[in-house]
1. Where the accessible area of region 59-203 is counted over protein heavy atoms with a 1.4 Å probe, how much of it, in %, is carbon and sulfur?
2. In whole Å, how far is the Cα centre of region 80-102 from that of region 141-177?
Amino acid sequence: MVTPQSTRVKAPDRPGMNEDTYDVADLKPPGGSSTDGLNSEPVKSTRNRISKGGRDFILGTLNVRTIREDQRMEELVEVFRSSGSGILALQEHRLCHTDKVKVDRGPGHILITSSAWRSGSGAACGGVGLLVSDESYKAAKLIKSFTERILLVSFEGNPSLTVICVYAPTESSGAEEAESFHNSLREAIKEVPAHDLLVVLGDFNAHLSRTSPEDKGWYYHERTNRNGRFFQETMLEGGLIAGNHRFQKKLSKQHTFASEATLSTSLIDWRGGDTLRNVKKC
C-alpha cells in the first residue's frame, strides 16, 4: 500500500510500549535467539540506517506455506539472498513458540517471527514474520506484535522505515473475523509516526478491481471480493493506495497465487510504500 500524500493522523514519535512491544537492543541475539531482558521503554543507541548511498532498497512478500523443515528454510534463504532483498515479509511460516516475538540469527540473515497458532486439531497454522539482511537488522529499532496476524518492525533511516507484515483471514472465514483483522490493522497504521515511510506487505486474501472509469491502474480481477472491500476501507481510512496495479505489467506477471486444487490464479498478495519505483512478481 502506498501513501504519496499521506492523510494519516500524526502520532507521537513512539507509542507507549506494552508487553508485545520490544526494543531491538534487547532482542539482538549473540548468535542464537532471545527475547529475554525486555525494557519498558525504548533505549537510545547508535544504529545503522536502513539504506545508504541512494541505492534502491528491495522489499518483498511471500506466503511460504511453512518453513518448519530445514530444507524449506534453506531454500527460502537462498531465494532471499539471490533476490538482493533487504526485507522479505513472510506469511504462514507455521512456527509455534511461546514468545510473542522471536529472533533467530542465521548466516547473513535474521528471522523475526510472531508465533503461529494451533487449530482445533493441534496443527500449526498461520504466523507472520520478516526475513531481513544483517545490514537491515542493524537499523531495526522497534518490533511490535499487534496480533498473531500483524507484526510491525521499524528501522532507522532518513526517513525512518516502518514495515507492517500481515496475513489476513481467508475469504471463507467469518465476516466478523475479517472485520476484526482490519480494525487491528487500522490501529497499527495509526500508531506509525506521520513522518515515517510506511510499507504494508502481506497476504490480504483480497481481490481488487477497477473502481471507476477514471482509474487507470492495471488490474488482474474484474470483481472485488469481500476481503477486497475491507481492504479498500482500510486504505481509505489510512490514506493509502495499493501498489501492485500502479505499474504496467503483463497479465501473466500480475498474479501472486496459483491454486493447486483448481489451477486458477489470483492476485491476493499486496505491497507498496510511500516511495515506489517498481512493483513486480519475483
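1. Numbers: 2520 of 5540 Å².
Looking at region 59-203 in its full context, I get 45 percent from C and S.
2. 12 Å
The values are calculated or read from the model by the stated rules, or taken from the named source; none is laboratory data. Predicted model, so just to flag it, every value in this text is computed and none were measured. Surface areas here come from the heavy atoms of the whole protein model, side chains and all, with no ligands, DNA or RNA. Shrake-Rupley method; radii C 1.70, N 1.55, O 1.52, S 1.80 Å.
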